[in-house]
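Heads up, the thing below is written out as structure tokens.
The values are calculated or read from the model by the stated rules, or taken from the named source; none is laboratory data. Source: prediction; values computed, not measured. Cβ placement follows ideal geometry from the backbone for every residue including glycine, while neighbour counts extend to all protein chains displayed.
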Amino acid sequence: MTGLDERIATEALALVGVPFRLHGHAVETGLDCVGLALLAARRAGAAVKPPPGYHLRGMTGARAMRFLAGAGLLSVSSALPGNLLLTRTGPMQLHIMILTAQGLVHAHAGLRRVVLMPCPSPWPVLGQWRFSSEGSD
């Protein structure tokens, strides 16, 4: 685990309680799962590419993985704090969570806020991703 990964996990935990908003990417107006991941990474000092229009509903797992790779993330196999977990929460519905030492941080649409929940993920994990630490540490 790098210093960047630790900072992403810390920043994700600091965002617990922020309101949920579909396609939200700011604390003041709310976050969705992609906005949460991007904001935590930016606050941690990662070089984050602005995402093109995104929607995880109806997106295939393969397309989401190309989206993540196109955003500069690296696919990884080991579960470490700071990882982004791509999960399938239902048919044609994908979701991103951030792994921390305390559990999983994610923007919960039903609870209408960013929450911390215990591991393991209640949904199938399709893959884990990390932000590149190049130029960040």
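Name the one entry in Phe131, Phe67 that is modelled with pLDDT under 95, aromatic (Phe, Trp, Tyr), within 22 Å of Leu22 (Cα to Cα) and surrounded by 15 or more Cβ atoms within 10 Å (Cβ to Cβ).
Phe67
Check off (1) over 15 Å from Leu31 (Cβ atoms); (2) of a type outside the set (A, V, I, L, M, F, W, C); (3) touching a residue at least 60 places away in the same chain (Cβ under 8 Å) for His95 and give me the number that stays unchecked.
Every listed condition holds for His95 apart from (1).
Would you say Leu36 is surrounded by 21 or more Cβ atoms within 10 Å (Cβ to Cβ), closer than 19 Å to Leu126 by Cβ and modelled with pLDDT under 95?
no
Out of the residues in the stretch 45-64 meeting the condition of being surrounded by fewer than 22 Cβ atoms within 10 Å (Cβ to Cβ) and either touching a Ser or Thr at 6+ places or on another chain (Cβ under 6 Å) or farther than 19 Å from Leu94 by Cα (or both), tell me which one is modelled with the highest pLDDT.
Among those that are surrounded by fewer than 22 Cβ atoms within 10 Å (Cβ to Cβ) and either touching a Ser or Thr at 6+ places or on another chain (Cβ under 6 Å) or farther than 19 Å from Leu94 by Cα (or both), it is Gly45.
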